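Structure record follows, encoded as structure tokens.
The values are calculated or read from the model by the stated rules, or taken from the named source; none is laboratory data. As the structure is a prediction and not an experimental result, all values here were calculated from the model. Because the Cβ atoms are built from the backbone with ideal geometry, glycine has one as well, and the counts that use them run over all protein chains shown. Accessible surface areas use protein heavy atoms only, side chains included; no ligands, DNA or RNA. Shrake-Rupley method; radii C 1.70, N 1.55, O 1.52, S 1.80 Å.
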Amino acid sequence: LIIDSRLSDDIQIGLTATIPYTHASSLVQQQVANQTYTFDGGKSQLTVNDAVITPSGEQLILMLDVDGKTKAGLFTKKLPGKLYLRGTPYYDAQTASIKLRDVDYDFETRDMLLNTANWLAKNKFREMIQSQVNIPVQSQLTDVRNLLQQTLNQSGRLHESVLLRGAVSELALENIYLSPAGIQAVVNARGNLTATIDRL
């Protein structure tokens, strides 16, 4: 038996948490669905009816089901249909949420807008959507921390002679990536763990 008082009781545990795309879509729907955006001093407007998020490589695709219209002289031109925007997801630590950056229309949507609704391609609708999309993950991080602490509390006995005690002091989301199942969050937990030999 070698006794060494220099060993640290610090531990680091890597975990992953999944945010299903259906859950992410329902959160985005709450943020943008049934909202009407007005442009050109009220001459043009766009109403978002529905929103769905799907993955595409390292980006998220945001499909918006919309109704739009613009006035050109005496005529009103309608724009019903779907708009597809792409954006790169990232974790914003200040708000504990996943947001999108570099949001832009996909190629087919951009071509359609240039042909039928040039006013929408030129305005700041993309930036408006980018600023609104916000997938909060604080509750998921809290659930992960509680589950990890509960596991540490319950699995105290490593062996009949060895008692483990631990506490989670810090939990941080380190990275996110996209999988077929959902948005994967890589979580790094820090804390301490002590082993006590109480039976010989």
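Relative to the dominant Cα principal axis of the chain, helix 107-116 is inclined by about 20°.
Show me the three semi-axes of the equivalent ellipsoid for the range 23-86, from the C-alpha gyration tensor (sqrt of 5 times each eigenvalue), largest first, rounded to whole Å.
Values: eigenvalues 141, 29, 15 Å².
Semi-axes, largest first: 27, 12, 9 Å.
Annotation: per residue accessible area for the chain equals 61 Å², rounded to a whole number [probe 1.4 Å, protein chains only]. Whole-percent P(r), the chain, all Cα pairs, 10 Å bins from 0: 8, 28, 23, 16, 11, 8, 5, 2, 0, 0. With K and R counted +1 and D and E -1, the other residues having a Cβ less than 12 Å from that of residue 59 yield a net charge of -2.
Only helices enter the 222 nm calculation for the chain: every DSSP H run of n ≥ 4 contributes -39,500 (n - 2.57), and dividing by all residues gives -7500 deg cm²/dmol, rounded to 500. Largest first and in whole Å, the equivalent-ellipsoid semi-axes of the range 1-108 read 47, 13, 12, each the square root of five times a Cα gyration tensor eigenvalue.
Relative to the longest principal axis of the Cα atoms of the chain, helix 138-154 runs at roughly 20 degrees.
Placing dummy labels 7 Å off each Cα toward the beta-carbon, the span from residue 150 to residue 18 is 1.9 nm.
Any of 78/124; 69/122; 78/99; 99/122; 43/99 with alpha carbons more than 21 Å apart? Name them for me.
On the way: 78/124 19 Å; 69/122 15 Å; 78/99 31 Å; 99/122 23 Å; 43/99 30 Å.
Listed pairs above 21 Å: 78/99; 99/122; 43/99.
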